[in-house]
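Below: one structure, written as structure tokens.
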Amino acid sequence: MKAILVGLGGRGKGWLRDLRENPEVELVAVVEPAPKNKEKAVKELEVPEKIIFDDLADAAKKHKADFIVDVTPPAIHHKVAYTAFEHGLHVLGEKPLSDKYEVARDVVAAGKKAGVKHMITQNYRWAGLPRTTRRLLDQGAIGQVGQLDVSLYVNWADAPGSHYVTQPYMFLTDMGIHHFDMMRYTLGTDCVSARAITWNLPWGWHQGDACQLILFRMANGINATHRGVGCTVGHVPAGHNGEWRYEGPKGTLTWEGFKLFQTHQHKADPKIREEIALDTAGTGGPKQLLGDFLKALKEGKQPECNAEDNLKSMAMVFAALKSAKEDGREVKIGEL
Ligand SMILES: NC(=O)c1ccc[n+]([C@@H]2O[C@H](COP(=O)([O-])OP(=O)(O)OC[C@H]3O[C@@H](n4cnc5c(N)ncnc54)[C@H](O)[C@@H]3O)[C@@H](O)[C@H]2O)c1
């Protein structure tokens with residue numbers, strides 16, 4: 001299938017590699033307006049100059065394609081998507097769907113109207129810890145979960161000058177979307193409301209708040225908390241994954257570093273403390289996500305992380321954001 005890659009900044013290079021390596025994909029054009037990144041594309045990444053365009057509409061007119069991969073900054077995603085829809089192109093869009101909830105909702109509706117597939121790259125859920133956790137929870141390994149606590153300590157986006165550093169609330173919106181999507185995915189349920197407070201630490205390098213405490217109430221009564229510090233200069237226990245703890249009546253599932261443990265401790269029962277081998281199915285990250293997108297195009301089915309479903313993860317981001325701006329008021333998803 002023929003692809004156009006839109007945006008060749010930091011993340012775009014990974015997608016250039018993944019598109020080139022996929023035998024089902026032919027990369028017919030690249031869209032990148034920044035002269036410095038264009039030059040890099042030609043000199044360092046061996047992209048032929050003649051297939052690089054400033055504008056998606058021009059690329060789409062010149063090269064017939066099936067889909068685009070949008071790796072532009074969040075504030076641009078809707079413009080890229082609308083241009084793609086106009087040209088009948090399917091869209092595999094980088095997260096987050098947009099930097100505004102109303103815009104995200106409109107884009108999803110426009111994609112449906114255009115009759116194209118629109119998938120968002122929630123690649124964190126295509127990994128061993130979330131896949132195995134989802135299976136174990138579905139099998140009732142710890143009973144009906146009552147509480148989930150996520151903690152994330154990370155030196156996030158520590159290169160100066162990027163949009164991650166200069167724009168407000170990026171830790172909550174740009175990083176948070178991965179975690180909130182994994183909360184929905186592993187728990188198999190959607191969010192009802194959010195209460196959040198955010199702040200920055202005195203030494204933090206982000207212009208927006210990079211620390212947060214959030215309480216999500218989920219549809220099946222689960223309380224799910226997210227505690228994050230995006231500007232630690234100290235110990236990072238579990239990379240960008242963070243550490244997760246699912247509480248159920250039969251014990252816990254915990255992500256400890258990059259390992260998964262099942263534990264049961266009560267004086268009436270035999271003690272269980274077991275490291276669980278991680279599943280391999282569905283754990284291929286962005287490459288497998290791309291495979292799922294191509295399969296959806298071939299079979300005419302919805303991909304797992306389709307944009308309509310993704311709106312429910314976006315709703316968690318924007319309910320938390322609204323709450324943070326209103327001093328921690330409980331914001332119902334229905335208010336968005
Ligand atoms: N899924 C993940 O794990 C993951 C990881 C990193 C980044 N991302 C996402 O990828 C996206 C891009 O992030 P990045 O770090 O590569 O940003 P970046 O700023 O490094 O790159 C964005 C590129 O898009 C180009 N661009 C801007 N407007 C354009 C337009 N109209 N048409 C074509 N190109 C345009 C810019 O010139 C730049 O080269 C963001 O949405 C980010 O959240 C996802």
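Points worth noting:
- Gain on full stretching of the segment that runs from N223 to D138 - 0.36 nm per residue minus C-alpha separation: 28.8 nm
- Gain in span if fully extended, A109 to I272, counting 0.36 nm per residue against the direct Cα distance: 53.9 nm
- Over the chain, the fraction of Cα-Cα pairs per 20 Å bin, rounded to whole percents and listed from the shortest bin up, is 30, 57, 13, 0.
- Cα-based shape type of region 1-96, given that a ≥ b ≥ c are square roots of the gyration tensor eigenvalues and the cut on a/c is 1.5: rounded
- Three-way shape call for region 214-295 based on the alpha-carbon gyration tensor, with the a/c threshold at 1.5: prolate
- Dipole-positive endmost among G111, H90, G14 within region 11-121 (Cβ charges, Cα centre): G111
- Three principal axis lengths of region 194-336 [C-alpha, angstrom, descending]: 52, 45, 34
- Gain on full extension, evaluated as 0.36 nm per residue between E256 and D58 minus their Cα-Cα distance, stands at 66.4 nm.
- Counted over the chain, the DSSP beta bridges are approximately 60% antiparallel.
Values in this text are rule-based calculations from the coordinates and carry no lab data. Note that the coordinates shown come from a computational prediction; the quantities given were computed from them, not determined experimentally. Cβ atoms come from the backbone with ideal geometry, glycine included; neighbour counts cover every protein chain shown.
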